[in-house]
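Below is one structure, written out as structure tokens; the observations come after it.
The values are calculated or read from the model by the stated rules, or taken from the named source; none is laboratory data. Nothing here was measured: the structure is a model prediction, and the numbers come from that model. Cβ placement follows ideal geometry from the backbone for every residue including glycine, while neighbour counts extend to all protein chains displayed.
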Amino acid sequence: MKIAFVGKGGSGKTTLSSLFIRHLAAEGAPVVAVDADINQHLGAALGLDEAEAAALPAMGEHLRLIKDHLRGSNPRIASADTMIKTTPPGEGSRLLRVQEDNPVYDACARPVRLDGGTVRLMVTGPFTDADLGVACYHSKTGAVELCLNHLVDGPGEYVVVDMTAGSDSFASGMFTRFDMTFLVAEPTRKGVSVYRQYKEYARDFGVALRVVGNKVQGPDDLDFLRAEVGDDLLVTVGHSDWVRAMEKGRPPRFAALEESNRLALRTLRDAADATYERRDWERYTRQMVHFHLKNAESWGNERTGADLAAQVDPGFVLGESVTAGA
Ligand SMILES: Nc1ncnc2c1ncn2[C@@H]1O[C@H](COP(=O)(O)OP(=O)(O)OP(=O)(O)O)[C@@H](O)[C@H]1O
Ligand SMILES: [Mg+2]
């Protein structure tokens, strides 16, 4: 299943993503971790040192390879040049699976060993000031969106994405690509205002959104979050000495994580697992087509000089029964 951590800058998206990934790995679950945030810190939060994190390949720099692999022999996609971030798979496209080796993982994923298991880590690559608001920025998160739209994930398999709650994810449809979106919110007005904005976008698309309160210090914080987000509040996490020790470069064994935080991670997993039973591949496919047509019309057709609506394979539904083409 596909899980996103979103929220305001500094709310704890990376910290909670990394703890969740460690929790899954410790329980033996297969995990692909993706850093799609403007601030690329997931590698460090998973214990990589500066040199290791800097050496991670950037998905944004392998966009051509990703497109060429995914389009496979799909006759509706003439070349990688006409493939935009929302181009949906169809007959002949190659699909990705969580547990396999493929050229996309070879180029863009690196193994990270954690207590109890190894996960695959993919990163979009650092964003520069020049990226923000222009095409390169889109192409970086676009690489993630393409992969998600071509991914066939089963129950018990996890793709965990650390990302911003920025407007880019709303324009592209990225925010609809997850079985569960955890919105990390500190008990502050700014923290919950990001929640309200996200909820607004999410409502029309049936996005499963739950709030994870972070840095919650006492009953007053809890009351505030309850009052502001109501039943959307799933669980809260307090200050973690384990996290602080990790940030000092002295990571304790994961088993030493505070009991209350371990329980919170279990709650996150249970909530995510429960959504898989409601997974609707047809709706998932329909939404990717919806956003593709929207992007084609607003900029894609003009940029590529092609009619990108023709890329939609009307009979295609992504799902576990679809076998990889080409
Ligand atoms: N529960 C926690 N206990 C202790 N420290 C925490 C906790 N949550 C977050 N922090 C600390 O707060 C800081 C911000 O957290 P983090 O980097 O995870 O936020 P973010 O939302 O990913 O930020 P950005 O928007 O910059 O990517 C970090 O130094 C992190 O270690
Ligand atoms: Mg972060």
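A few points about this structure:
- Within the stretch 25-59, the only residue that satisfies the criterion of being acidic (Asp, Glu), part of a loop (DSSP other than H, G, I, E, B) and at pLDDT 95 or above is Glu27.
- The condition of being within 16 Å of ligand 1 (Cβ to nearest atom) and free of Cβ contacts under 8 Å to residues at least 40 places away in the same chain holds for Glu50.
- Single match in Gly47, Gly7, Gly28 (criterion: over 27 Å from Glu320 (Cβ atoms), surrounded by fewer than 19 Cβ atoms within 10 Å (Cβ to Cβ) and not hydrophobic (A, V, I, L, M, F, W, C)): Gly47
- Meets criteria (more than 16 Å from ligand 2 (Cβ to nearest atom) and under 23 Å from Gly238 (Cα atoms)) for His23: yes
- When Ser17 is tested against (1) buried (at least 22 other Cβ atoms within 10 Å of the Cβ); (2) more than 15 Å from ligand 2 (Cβ to nearest atom); (3) assigned to a helix (DSSP H, G or I), just one condition goes unmet, and that condition is (2).
- Checking Gly315, Gly319 one by one, the residue that is in contact (Cβ under 8 Å) with a residue 40 or more places away in the chain and exposed (fewer than 12 other Cβ atoms within 10 Å of the Cβ) is Gly315 and no other.
- Leading residue by the ranking (farthest from Asp270 (Cα to Cα)) among those in the stretch 150-185 that are more than 15 Å from ligand 2 (Cβ to nearest atom) and among the acidic types (Asp, Glu): Asp168
- Condition met for Thr141 (closer than 22 Å to Asn295 by Cα and crowded, with 17+ Cβ neighbours inside 10 Å): yes
- Filtered by the rule that a residue be near ligand 1 (Cβ under 7 Å from one of its atoms) and hydroxyl-bearing (Ser, Thr, Tyr), the stretch 1-44 gives Ser11, Thr14, Thr15.
- Filter pass, Arg64 being modelled with pLDDT of 95 or more, over 24 Å from Glu320 (Cα atoms) and part of a helix (DSSP H, G or I): no
- Tally of residues being within 14 Å of the chain's Cα centre (by Cα), small (Gly, Ala, Ser) and away from ligand 2 (no atom under 12 Å from the Cβ) across the stretch 29-45: 1
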